[in-house]
Amino acid sequence: MNNRINHANFPSRKMKTISPKLSDRLTVLAIGFLSLLFTSSCSTFTERDHDQSSASKLRPSKTSPQNTNSTNTDSITHNPSNSDGGNGRTVDSSNRATINRPDNTKHKSLTPIRPNNVSDSLAAAAENKTSKQDPLPPASTMEAETLYDLIVAEMAGKANRLNVTLGNYLKQANYTKNPKIIARATRIAKYMGAHQATFNAANLWLEVDPNNIEAHQAVTVQLIRNNKYDAALQHMSSLLRLSSEPNFDFLIHHTRKIDKEARQNIIAGLKKLTQNHPENSRLWFTKAILEDFQGSKEAAILSVERSLEIEPNYVTAVIFKAKTLRNLHREEDAFKTLKQAVKKHPDHKRLRIVYARLLISLNKLSKAQAQFEYLIKRNPDDSDLLLSLALLSWENELEKQAIEYLHQLLETGKKTGDAHTYLGQIYASEKKHKNAIKHFNQVQNGPNYTTAQIQLALVYSEINQVENGIDTLHQAIKKHVSSKTQFLIAESEILINAERLDEAYIVLNRALQEEPSDSDLLYSRAMLAEKLNNLDQLESDLRLIIKENPSSALALNALGYTLADRSDRLEEALELITQAAKIEPNDPAIIDSLGWVHYKLGNNAAALQHLRNAYKLYKDHEIAAHLGEVLWNEGLKEEATALWKSSKKEFPDSAILKKVMDRFLK
């Protein structure tokens, strides 16, 4: 089958006769016009960008503003150069779950440095952004009709009539056999997702230039799309012949989302290639990545280790290895791998960032902070690093340093919304209300607006300016109606804190008339109903949430705990909390509930085990109250007393601690 476009499909090639004088004038005009069009659009026809997903969080965080400007930091660019500077960055934001109880109290927590999936950056790298746009041949060397077709093609591209653009370029590619015109035709076809046209044009390109790497890559992709693996393998062999450090990003990108059977066929082909090219580290690394996509992580480790045996300084492969080890829950091995690599490559920015984030996940916060401090000395204007270092400093209770870093961030003019929001939160936690109000007021738009306005309202509430707080929220609703539910929930919390429970109940009831199935509103009303001793309303609202979302551990736990604490329906409570524990087995609030219901059932040994585990995970005053009570009843009165007193120092205003201590110590 002839893969190229049949010339018979195009109009006759007979040229009209043009007078020499007119021809010269037209040529001069055309040269200028084509140059202008091509120059302004030469970057248009590159492959489309593809979304990159973020991965999972490393650890809980301080209540933080939203952030839509995060940059991949754990990502890997499959770059032939080993000495890349590493452009990874860190930032982040995410909220820590608090003890989900009717009498809930929020506590500060740590903001994570957001990890990202390694494969995502590989997908981005595969966009063929390294390929240069070759200029078209000089217009003065073209025939008049060729020149005319290309001018029309560029004008059509400007008008978004890409079918005309592609048609004209394919026509002239076949007619002129000019490699620069063929190259542009191929790229336009790729941009449009015109697979057959891409295949045809790339094959034509190889006829004219058999050693062109980009053409081999384009043909390989199209062959893989059509399950022609043996033919694709031949082109990959050509790529290995043409370059000692081939870039297989195009292959990684185009096999990331295909089905497992097709990917396994490609892995089998790569295995054959490694037998013929056993010393090519890039080939082994590509195989490792595809094995990771396939879920064969142990095989991926073996392949990447082989890559590193050949090329020990291949930093990208080191990062990939560490990421895969973490996915296998081999955190200590990942730690050793990155620690050694950082020692060997001390100035590699991205490597050190990945190492710092791993330290955070291992709760080695001071060591992580030291890594960010090292980085910031060498990159003083990097806004992502400054933000990350500020948050780490805050978590390490170095508020003064955190404030300095956030002010330094403001000086860069970047992430100002983040900086003002976090400064407001730090000052609010230090009871420096005037400063907190000043910074929250600076956030008048952007992704941090909702968080900043709610925090501002809460500060007003704390200094007994409840009406100012409520007014702040009402104004915010007018400006940002999409966050209306969050603002109304905040209003209800302010009213609850001011002991205006009936007014808070009215606010939530009105909100639920507009959004009757909103789970956040239902949960807020349920928690308020408990304070009002309206347990029927609490149960009704929580069961509505569970009916809509049976896997809501939050609602299951809240209902189960309330039944255990406020009723004799203990078996039912145990069933609900056990369900929640299956969904969130490591949540300290749920583990505490499990311990409390066992205590109520008289299973003190099981209760003690669960409550000790919960307190080990999260030293919360409510867990301390429960654990102390069980310890006391088990005869461990000294341990119970010491626990209560220690927790009371940290949470002097805790009502539940006061209540239990009054019961047992007085």
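Output the residues belonging to segment 158-191 that are charged (D, E, K, R) and open to solvent by 30 Å² or more (accessible area, probe 1.4 Å). Selection gives K158, R161, K177, K180, K190.
When D541 is tested against the conditions (1) loosely packed, with under 15 Cβ neighbours inside 10 Å; (2) more than 24 Å from H621 (Cβ to Cβ), the lone failure is (1). Cβ-Cβ distances below 7 Å connect the following pairs, each with a first residue in segment 426-438 that is within 18 Å of Y405 (Cβ to Cβ), a second residue that is among the basic types (K, R), and a separation of six or more residues or different chains: S429/K108. Can you name the residue in segment 215-242 that is touching a residue at least 40 places away in the same chain (Cβ under 8 Å) and open to solvent by less than 20 Å² (accessible area, probe 1.4 Å) and is also nearest to I182 (Cα to Cα) among such residues? Taking the candidates together, the pick is I224. The set of residues from segment 442-472 being more than 17 Å from Y427 (Cβ to Cβ) and among the hydrophobic types (A, V, I, L, M, F, W, C) comprises V466, I470. How many residues, within segment 500-528, are closer than 21 Å to S482 by Cα, outside any loop (DSSP other than H, G, I, E, B) and of a type in the set (D, E, K, R)? Qualifying residue count, segment 500-528: 4. Against the definition (polar (S, T, N, Q) and within 21 Å of A189 (Cβ to Cβ)), how does S303 come out, yes or no? The answer is no for S303.
Under the condition of being at positive phi and among the hydrophobic types (A, V, I, L, M, F, W, C), the residues counted in segment 478-530 number 0. Identification of helices (runs of 4 or more DSSP H) wholly contained in segment 271-359 with 2 or more residues that are of a type in the set (F, W, Y) and touching a residue at least 12 places away in the same chain (Cβ under 8 Å) yields 281-293. For the structure I just gave you, tell me whether M155 is open to solvent by 40 Å² or more (accessible area, probe 1.4 Å), under 33 Å from the mean Cα position of the chain (by Cα) and of a type in the set (A, V, I, L, M). It is false that M155 is open to solvent by 40 Å² or more (accessible area, probe 1.4 Å), under 33 Å from the mean Cα position of the chain (by Cα) and of a type in the set (A, V, I, L, M). Every residue in segment 479-510 that is over 32 Å from the mean Cα position of the chain (by Cα) and of a type in the set (A, V, I, L, M), please. Answer for segment 479-510, where residues must be over 32 Å from the mean Cα position of the chain (by Cα) and of a type in the set (A, V, I, L, M): I494, L495, I496, A498, L501, A504, I506, V507, L508. Give me the residue from segment 333-346 that is within 25 Å of the chain's Cα centre (by Cα) and not basic (K, R) and, out of that set, surrounded by the fewest Cβ atoms within 10 Å (Cβ to Cβ). Here the residue is D333.
Listed here are the residues, each with its yes/no results for (1) at pLDDT 95 or above; (2) of a type in the set (A, V, I, L, M, F, W, C); (3) buried (at least 19 other Cβ atoms within 10 Å of the Cβ); (4) not in a helix (DSSP H, G or I).
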site	(1), (2), (3), (4)
Y405	no, no, yes, no
Q408	no, no, no, no
T421	yes, no, yes, no
Y427	yes, no, yes, no
A436	yes, yes, yes, no
N445	no, no, no, yes
T450	yes, no, yes, no
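Checking the structure you have, find out if any residue of segment 124-131 is closer than 30 Å to T286 by Cβ, surrounded by fewer than 16 Cβ atoms within 10 Å (Cβ to Cβ), modelled with pLDDT of 90 or more and under 32 Å from the mean Cα position of the chain (by Cα). No, every residue in segment 124-131 fails to be closer than 30 Å to T286 by Cβ, surrounded by fewer than 16 Cβ atoms within 10 Å (Cβ to Cβ), modelled with pLDDT of 90 or more and under 32 Å from the mean Cα position of the chain (by Cα). Open to solvent by less than 40 Å² (accessible area, probe 1.4 Å), at pLDDT 95 or above and farther than 24 Å from N441 by Cβ, is that true of Y505? No, not satisfied. If you go through segment 360-394 and pick out every residue that is touching a residue at least 12 places away in the same chain (Cβ under 8 Å), open to solvent by 40 Å² or more (accessible area, probe 1.4 Å) and assigned to a helix (DSSP H, G or I), you end up with 4.
Each row is one residue, and each column tells you yes or no for (1) at pLDDT 90 or above; (2) in contact with a Cys (Cβ under 7 Å, 6 or more places away or on another chain); (3) open to solvent by 40 Å² or more (accessible area, probe 1.4 Å).
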position: S244; (1), (2), (3): no, no, yes
position: D249; (1), (2), (3): no, no, no
position: Q275; (1), (2), (3): yes, no, yes
position: A288; (1), (2), (3): yes, no, no
position: G295; (1), (2), (3): yes, no, yes
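Can you tell me which residue in segment 485-499 is nearest to A655 (Cα to Cα), limited to those that are open to solvent by 70 Å² or more (accessible area, probe 1.4 Å) and part of a helix (DSSP H, G or I)? Taking the candidates together, the pick is N497.
The values are calculated or read from the model by the stated rules, or taken from the named source; none is laboratory data. In this text, all values refer to a predicted model and were calculated from it rather than measured experimentally. Glycine also receives a Cβ, built like all others from the backbone with ideal geometry; neighbour counts cover every protein chain displayed. Heavy atoms of the whole protein, side chains included, go into the accessibility calculation; ligands, DNA and RNA do not. Shrake-Rupley method; radii C 1.70, N 1.55, O 1.52, S 1.80 Å.
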